[in-house]
Each structure stands twice: as structure tokens, then as C-alpha cells.
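Down below is the structure, laid out as C-alpha cells.
The values are calculated or read from the model by the stated rules, or taken from the named source; none is laboratory data. In this text the structure is predicted, and so the values were computed from the model without any measurement. Methodologically, a virtual Cβ is constructed for each residue, glycine included, from the backbone with ideal geometry; neighbour enumeration extends over all protein chains shown.
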Amino acid sequence: MTATLFSTWEDQIGAALMRRFMEGAGAPVDFRAPIGEPALAAPDSLTWRIFKNPVALFAGGIAAVILELAEPRVRSGVWDHTTFRTDPVARMKRTGMAAMVTAYAARSVSTRMIARVRAMHARVSGEVSGAPYTASDPELLDWVQVTAGFGFAEAYSTYVQPLSRADRDRYYAEATPGATLYGVIDPAGSAADVEARFAAMLPKLEGSQIIFDFLTIVSRAPILPAPLRPVQNMMIRAGVELTPPHIRTLLGIGDRWRLRSWERRLVKLAGAASDRIAIPGSPPVEACRRLGLPTTWLYGSQPRLKRPI
């Protein structure tokens, strides 16, 4: 299936999410330069295929933030040392742009950006229950990397196209170079590694009103344009659904934030539509141009991922 015009509501959701993300996401990044320079991930990587999908990025990002906020030290770092409470949309856009630069920008561009992020992390410190922490703590960096990777992979697999165990292993392995640059000492390179990190961190996770404050803030924020605003809460609940059930129970997240069956079908329709829309000016399209590939290369001209057996 090839790229299409934005002719249906499913198309419009994906296009709106990508355009909103691109607007005001920080200093402009030229994904077309330097011509021919590769990114940290290859064009035929699962990373490129997953990150091009705005529905998967949005839902996966919500899941990742919930899991990050469940860890008290990460929660303190995000809530007390960033603009998440006062300007959540701008904060989410900047975080999303960092993910896009890591995946699609030329290596010289992404390594400079990552160095700036590490410098900012080095200045963030605090105290939780009498114990000091820093944002550059290896354990915390590992948890942020694991939760982000998990969120995006689960969102793509759930709402776009199923990923097999082998697909997940490949995807997590692809993230290793970028994770190392961010300061992660021992990146999770397989699905088994991710499961082990979740099991190890589980005793340290806890519920907090801040998690519900976050969900309320993003549900009220002007992320989608007014005509599509009713869809926004549905997309947020799609992200909540990606968190493992036992962790949702631990955090006290009840049925209010669960998707209804008909909503799940709509999210899947939007996710599938977004996977075939080449949005002009978006990082995936511009990265393809940098490498001399057709702008629709990621949107149907390559073989589809195999479904799990």
C-alpha cells in the first residue's frame, strides 16, 4: 500500500499529531543534511519503521511517561525540574523531537544533540525520602531508556502491526548505540533484557497523585486541533492501556482510563492509516531525502513486517 492523501479521519489524526509535534518543538533541525550521512539507525531498521508512525509515538510516549513517573526519583526529576506541569505540550514536543533526532538525523547532528541533553541531565539533582539522586544516575537513565523503547514498541505492535519476539529483539538491539551515547552503561538489547529490567525495578515503583495529574494535564492540553479534540482522550487512554496490567494495578489506575472495545478499533484504524501517510517535511521523509531514498520509501514500498507465528 502506498502513501495517500489525508482523505479520511484516520489520516487526519496521524497528520495532525505529526504537525503538532513539529510546531514549536525547539530549534529547527535539518534532517536533510549533511547529504548522504547515515543516522544512528539504518533506513531498513525497525526503529525507522516504528518512529515514523505518529499514533504509535503518541500512545507509546504516554505509556513511557506513566512508567517513568512510577519511579520516585525519575518522577521528582521530571516534575520538579522541568516545565511538564506548566507547559506539558512544549515539553512533550521537545522530548519527541529528541527521539526523532536520535532515530533519523545524521549522526553528526544526533551526537551533538545528545551531548546537550547529557549536559542538562548533569545539572539535575534532588532528594527523595532523604536519598539524593541525579538525572545522570545510570539506573535512572536505564529505566528511562527501557520505558521509552517499551512504550513505542508496544504501541506499534498493539495499534499498527504486530511485532514478533524476534522483531522486538531486533528493535531493542538497534537502540543500543543511541542509548550508550545518552549515558546508559548497559542498554537493554533484547526483549528478555527489557523484561528483566521491569522485574528488577518493580519493587521500587509506587503510585502517586502526580501520575493522575499528568493524565489530566495532557487530556486538557491543546495537543490536537479543536475538531479532533474528542479523539485526544481516546489516544491518551490508548497509551495507558499499554502499561502492564500488574503495574496499572500497583499505580491504582482504574477503568476510567481504559479503552472501550470500539475505541480500540478506532485507534487501530488510525494507527494503520498513519503507517502509510508520508507527511511532507516530517523527519522520516526528510531523512529519506538525505539518503537519496524516495520520500514514500517507508510508507509501503518496503516489505511489511512479518506477523508473529
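Considering each of Glu241, Glu263 in turn, give the residue that is in contact with a Ser or Thr (Cβ under 8 Å, 6 or more places away or on another chain), on the phi < 0 side of the Ramachandran plot and either acidic (Asp, Glu) or surrounded by fewer than 20 Cβ atoms within 10 Å (Cβ to Cβ) (or both).
Details: Glu263 fails: in contact with a Ser or Thr (Cβ under 8 Å, 6 or more places away or on another chain).
After applying the criteria, what remains is Glu241.
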Inset, instruction - Determine whether the stretch 257-279 contains at least one residue that is outside any helix (DSSP H, G or I), closer than 22 Å to Trp79 by Cα and β-branched (Val, Ile, Thr). - result: no
Inset, instruction - Inspect all residues belonging to the stretch 272-292 and state whether any of them is out of contact with any strand residue (DSSP E or B) (no Cβ under 8 Å at 6 or more places or on another chain) and over 27 Å from Arg32 (Cβ atoms). - result: yes
Legend entry - Cβ-Cβ under 9 Å pairs, at least 6 apart or on other chains, the stretch 180-194 side on the phi > 0 side of the Ramachandran plot, far side assigned to a helix (DSSP H, G or I) and surrounded by fewer than 18 Cβ atoms within 10 Å (Cβ to Cβ): Gly183/Arg118; Gly183/Pro138
Inset, instruction - With the checklist (1) buried (at least 21 other Cβ atoms within 10 Å of the Cβ); (2) closer than 30 Å to Pro138 by Cα in hand, flag the one item Val285 doesn't pass. - result: (2)
Legend entry - Among (1) in contact (Cβ under 8 Å) with a residue 40 or more places away in the chain; (2) over 20 Å from the mean Cα position of the chain (by Cα) - the single one Arg256 does not satisfy: (1)
Legend entry - Residue in the stretch 150-168 that is assigned to a loop (DSSP other than H, G, I, E, B), surrounded by fewer than 21 Cβ atoms within 10 Å (Cβ to Cβ) and without any contact (Cβ under 8 Å) to a residue 12 or more places away in the chain present: no
Inset, instruction - For residues that are at pLDDT 95 or above and of a type in the set (Gly, Ala, Ser), tally how many sit in the stretch 210-251. - result: 2
Legend entry - Any chance Thr176 is among the polar types (S, T, N, Q) and without any contact (Cβ under 8 Å) to a residue 12 or more places away in the chain: no
Inset, instruction - With the checklist (1) closer than 19 Å to Asn53 by Cβ; (2) in contact (Cβ under 8 Å) with a residue 60 or more places away in the chain in hand, flag the one item Arg237 doesn't pass. - result: (2)
Legend entry - Residue that is farthest from Glu71 (Cα to Cα) [pool: residues in the stretch 114-126 that are touching a Ser or Thr at 6+ places or on another chain (Cβ under 8 Å) and in contact (Cβ under 8 Å) with a residue 24 or more places away in the chain]: Ile114
Inset, instruction - Kindly indicate the residue of the stretch 187-243 that is aliphatic (A, V, I, L, M) and not in a helix (DSSP H, G or I) and also farthest from Arg165 (Cα to Cα) among those meeting that condition. - result: Ala221
Legend entry - Contacts under 7 angstrom Cβ, first residue in the stretch 26-54 being over 14 Å from Ala98 (Cα atoms), partner of a type in the set (Asp, Glu) and part of a loop (DSSP other than H, G, I, E, B), 6 or more apart: Asn53/Asp275
Inset, instruction - Kindly establish whether Ala221 is buried (at least 18 other Cβ atoms within 10 Å of the Cβ), of a type outside the set (Lys, Arg) and either in contact (Cβ under 8 Å) with a residue 12 or more places away in the chain or in contact with a helix residue (DSSP H, G or I) (Cβ under 7 Å, 6 or more places away or on another chain) (or both). - result: no
Inset, instruction - Working carefully through the options Thr176, Thr216, find the one that is surrounded by 15 or more Cβ atoms within 10 Å (Cβ to Cβ), among the hydroxyl-bearing types (Ser, Thr, Tyr) and out of contact with any helix residue (DSSP H, G or I) (no Cβ under 8 Å at 6 or more places or on another chain). - result: Thr176
